[in-house]
There are 2 protein chains.
Amino acid sequence: MGVTIKEVAKAAGVAPSTVSRVIADNPRISPATKKRVRKAMKELGYHPNVNARSLVRSSTQAIGVVMPSSADKALQNPFFPEVLRGISTVAHDLEYSLLLSTGETEEEILEGVQRMVHGNRVDGVILLYSRLKDKVMEFLHEQNFPFVIVGKPNENIDTISHVDNDNIRASKEITEHLIGLGHHRIGFIGGSKDLAVTVDRITGYEQALNQAGLPVKKEYRVHTEFLKSGGRKAVHELFSLEEPPTGLVISDDLMSIGVINMLEEFGLYVPEDVSIVSFNNVYMAEVTRPPLTTVDINIYDLGAQACKCLVEKIQNKNEPAKRIIVPFEIKHRMSTQQWKRETSKRA
Amino acid sequence: MGVTIKEVAKAAGVAPSTVSRVIADNPRISPATKKRVRKAMKELGYHPNVNARSLVRSSTQAIGVVMPSSADKALQNPFFPEVLRGISTVAHDLEYSLLLSTGETEEEILEGVQRMVHGNRVDGVILLYSRLKDKVMEFLHEQNFPFVIVGKPNENIDTISHVDNDNIRASKEITEHLIGLGHHRIGFIGGSKDLAVTVDRITGYEQALNQAGLPVKKEYRVHTEFLKSGGRKAVHELFSLEEPPTGLVISDDLMSIGVINMLEEFGLYVPEDVSIVSFNNVYMAEVTRPPLTTVDINIYDLGAQACKCLVEKIQNKNEPAKRIIVPFEIKHRMSTQQWKRETSKRA
DNA sequence: CATAGAAATGCAAACGTTTGCCTAATCTAA
DNA sequence: TTAGATTAGGCAAACGTTTGCATTTCTATG
C-alpha cells in the first residue's frame, strides 16, 4: 500500500541502497544525489516501513513501559501520568516509541512483557514499580534483557539499573521537620511493606526518631492499602491509642488526603490537632485543604532519567548498570504547625 | 539471536511453511505433525518474530492510543488510567499491543501519530480526547486510517466511530436533581468550550433549567482551565454576584474538589451553603469531604468499547462507522442538600 | 597518458515470516 | 483396477529494508 524505497529509487534514478543511505544520511552519498533523492521522497510521500527496518536491524525503536496491575487503584495515582510524561519526552527526542503493558493480574502482566520481549517488539523495558520477588523483574534479569527500574530493586541491586530518590534521607529530613516543630509522638502510615519505597521511608523515619532520642513505637506504624475501609480502621486504631500521635509521616500524598478526611470524621483537624507530611508532591497536594507539606520527589525526572538510561543501555550493551539518584526537595505548605498542647481551634 | 522458524522446522523434520501453518493452526496439517512441531517449538523455546510477521502481513497487532498533551494537567485526571484500563483489558484479550503517544505540544502529538501510522507501527488508533479542529483527527480522517474517538467528534460525526455517554441527558438529569432539591439559582462550571463534552453538558444543563422555567443566566456560567489561580478568580466572581448560585453543576470531579476548597476559603461550605454535583465518579469522589454526588460515566467501559470497536474496524475494513453510547448512572452522595434559606451551619 | 587511489553508487543477500501453488501419497468410487 | 479427488506437506516468492562488497567514475600524480 505505502510507497516503497524501490519506487523512490526509480523516481530518483538511483538504486534502492542509495535511497537507504540517504535516509541514514550516509556521508558516502554526494550532496547532489541526496538532494535529488530527498525530493523524490517528498514528492511520493515516502515513509520508511519500520517493520522491515526492524527485521533487518533486529531492533525496533521502541521501549516497553510496564505499569503495575491495573486492578490496583494505585494506578490512578498522578504519579504515573507524570512519570510517563518524563519518559515520553525523552523517548520522543530520541525517536523511540512507547509500548504500554498492563494487566489485571501479575500473570497477565508477565505475559504481556514476554510477548514484548520474545516477539522482538521492544529493545528495552522500563519497570514502573518494584515489588519483592517480582516475576517480571526475574524474567527480564535472567533473559539479560535491557531494563531499568523506577524505584529500587529488592535484590541484585548492583546489577540492575535503577533510578530512585534517596528515600531514606528524604524521609529522615521530613520527619526531622516534624520533630523541629515540637512533635514527639510521630506516626507513620505507608503502603505495603513489599515495596522498596515503603521500607526506605520507614528507615528514614526511624533514623530521625532515634537520632532525636524519641522512642520508636511499633503501634505508631500502620500499613494500609488505602482501601477506604481498611484505611479508616487503621486511622481509627491509631487515634484510639492512649497517647495518639500528634504528627504523621505519610508515604503518599493521596493517602494524606484520605487520612485528612478520616481524621475529620473523628473530629480531628489538620494541622490544628495533628500535623502531617507526606511524599510525591502530586499536583493535587497544592489544592487540598490544607495544602500539603510534602517532599517533591521530581517524578518527571525519575521518568526522564530512566528513559535516558535505558536507551544508553540499549545502544551500548556493555554500558554498566547504573544507580541514578534524583534529588528531592521539601515543599513547605500548610499541613503542619508548631505543636502546642491545646485543644482544636475548630472542635 | 532468537530461535527461528527454520530451526524449528529442521528439528521437527518439516518445512518452515509447515511450522508456520502449525502456528496458525491450519487444518491442512495433520494432528500428528502439529504435535511434533509444537514439541520442537517448546524445546527450542521458539517465539515468532512479530516484525517479520508484520512485514509480510502488513499488519502489526498493535493499536495506538493518543493522549492529550502531556503538558496539560488534565492528563493527571484519573480518567486516563481508568480508560486505559478498559482499553488494555480488551486489547490483551484480543492479543493486541498498545502503543502510547503523547507530546508536550499539539505538533509533537501529531508527529507521533504520523510516525505510528506511516511507519506501519499500528493497525488503528484510539483518540482519548476530541477537540475542535483537531489536526490529529483530521489527519487520521483524510488518511482513511481506522480510528475511534472516546468522546464525540465535533465534525463528521456520522463517519467517525466514537464511543461516548449521552452527556446531554446526563447533565439534564443531574441538574434536575438539584432543581428537585429546591435550588433555583444554579451555576455551571466547566472546561474549555472547544471540548465536545463541555458543550453537551451545558446543553443538558440549560435544557433542565428551561424545562423547569428557570432563567438561564450567562453570568452563572464559568469556563476555567482549573489552573489554580484562574479557577479561584472565576469562583470568586461567581459568588460576588448579587444573587450568587446555591447549586453548581461542575463538569469534572477534580474541578469539584478545587471548587470546594476555594469556596471554603470564602467561608462557604458544601453542602450547607452550596450544593454541588459533578461528573465522572473518579475514585477520589468517594473519599473527598464531602463525598461527591456525581454521575458515573463508566470510564472503564468507554475504553473497553472503544477498543472493541476499533478492532472490529481493523479486521473488517467495511465495518460501518459506529456510535456507541455507554450508559451513565447518578451516584448520590453528600455534596447536595435541600435548599433552605438559612445561614451556614458552620459559618 | 596511464594508472592508483579515492569517491560515489550499485548489486544482491539477508532478516524471519506467510502463502499461493505444486507435488506426492493416499483414498474413493465406478 | 484405475481415474479422479482428496489430503498432507513442500517450494519458493514476497514483504521492505539494510549493508558488505563489487563496480564504476573521477581526480590527481608520476
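The values are calculated or read from the model by the stated rules, or taken from the named source; none is laboratory data. The structure presented is a predicted model; accordingly, all values stated were derived computationally and were not measured. As a convention, Cβ positions derive from the backbone with ideal geometry for all residues, glycine included, and neighbour counts pool all protein chains shown. Accessible surface is based on the protein model in full, side chains and every heavy atom, while ligands, DNA and RNA are left aside. Shrake-Rupley method; radii C 1.70, N 1.55, O 1.52, S 1.80 Å.
A few points about this structure:
Table: residues versus (1) open to solvent by 10 Å² or more (accessible area, probe 1.4 Å); (2) under 17 Å from residue B:171 (Cα atoms); (3) not assigned by TED's automatic domain parsing to the domain that holds residue B:129.
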position	(1), (2), (3)
B:239	yes, no, yes
B:267	yes, no, yes
B:273	yes, no, yes
B:282	no, yes, yes
B:291	yes, no, yes
B:306	no, no, no
B:313	yes, no, no
B:335	no, yes, yes
B:338	yes, no, yes
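- Considered as a group, the residues in the range B:69-95 that are more than 9 Å from every other protein chain (Cβ to nearest Cβ) and surrounded by fewer than 20 Cβ atoms within 10 Å (Cβ to Cβ) include one that is farthest from residue B:282 (Cα to Cα), and that residue is B:94.
- Taken over the range B:1-42, the criterion of being among the basic types (Lys, Arg), within 12 Å of DNA strand C (Cβ to nearest atom) and surrounded by 12 or more Cβ atoms within 10 Å (Cβ to Cβ) is satisfied by B:10, B:21.
Here's the yes/no breakdown for (1) more than 10 Å from chain B (Cβ to nearest Cβ); (2) small (Gly, Ala, Ser); (3) crowded, with 23+ Cβ neighbours inside 10 Å:
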| position | (1), (2), (3) |
| --- | --- |
| A:97 | no, yes, yes |
| A:102 | no, no, yes |
| A:106 | yes, no, no |
| A:110 | yes, no, no |
| A:119 | no, yes, no |
| A:143 | yes, no, no |
| A:167 | yes, no, yes |
| A:173 | yes, no, no |
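- Scanning the range A:121-139 for residues that are more than 8 Å from chain B (Cβ to nearest Cβ) and over 18 Å from the mean Cα position of the chain (by Cα) gives A:122, A:123, A:133, A:135, A:138, A:139.
- Count of residues meeting criterion [in a helix (DSSP H, G or I) and modelled with pLDDT of 90 or more] in the range A:204-229: 11
- Considering each residue of the range B:25-35 in turn, none proves to be within 14 Å of chain A (Cβ to nearest Cβ) and part of a helix (DSSP H, G or I).
- Selected residue [assigned to a strand (DSSP E or B) and either within 12 Å of chain A (Cβ to nearest Cβ) or touching a Phe, Trp or Tyr at 6+ places or on another chain (Cβ under 9 Å) (or both)] from B:288, B:294: B:294
- Condition met for residue A:14 (outside any loop (DSSP other than H, G, I, E, B) and either among the hydrophobic types (A, V, I, L, M, F, W, C) or at positive phi (or both)): no
This table checks each residue for (1) within 8 Å of DNA strand D (Cβ to nearest atom); (2) over 27 Å from residue B:92 (Cβ atoms).
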| site | (1), (2) |
| --- | --- |
| A:9 | no, yes |
| A:26 | yes, yes |
| A:32 | no, yes |
| A:35 | no, yes |
| A:42 | no, yes |
| A:63 | no, no |
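- Test: residue A:232 is open to solvent by 20 Å² or more (accessible area, probe 1.4 Å), farther than 20 Å from residue A:89 by Cβ and either part of a loop (DSSP other than H, G, I, E, B) or hydroxyl-bearing (Ser, Thr, Tyr) (or both): no
- Residues in the range B:247-267 that are under 23 Å from the mean Cα position of the chain (by Cα) and within 9 Å of chain A (Cβ to nearest Cβ): B:254, B:257, B:258.
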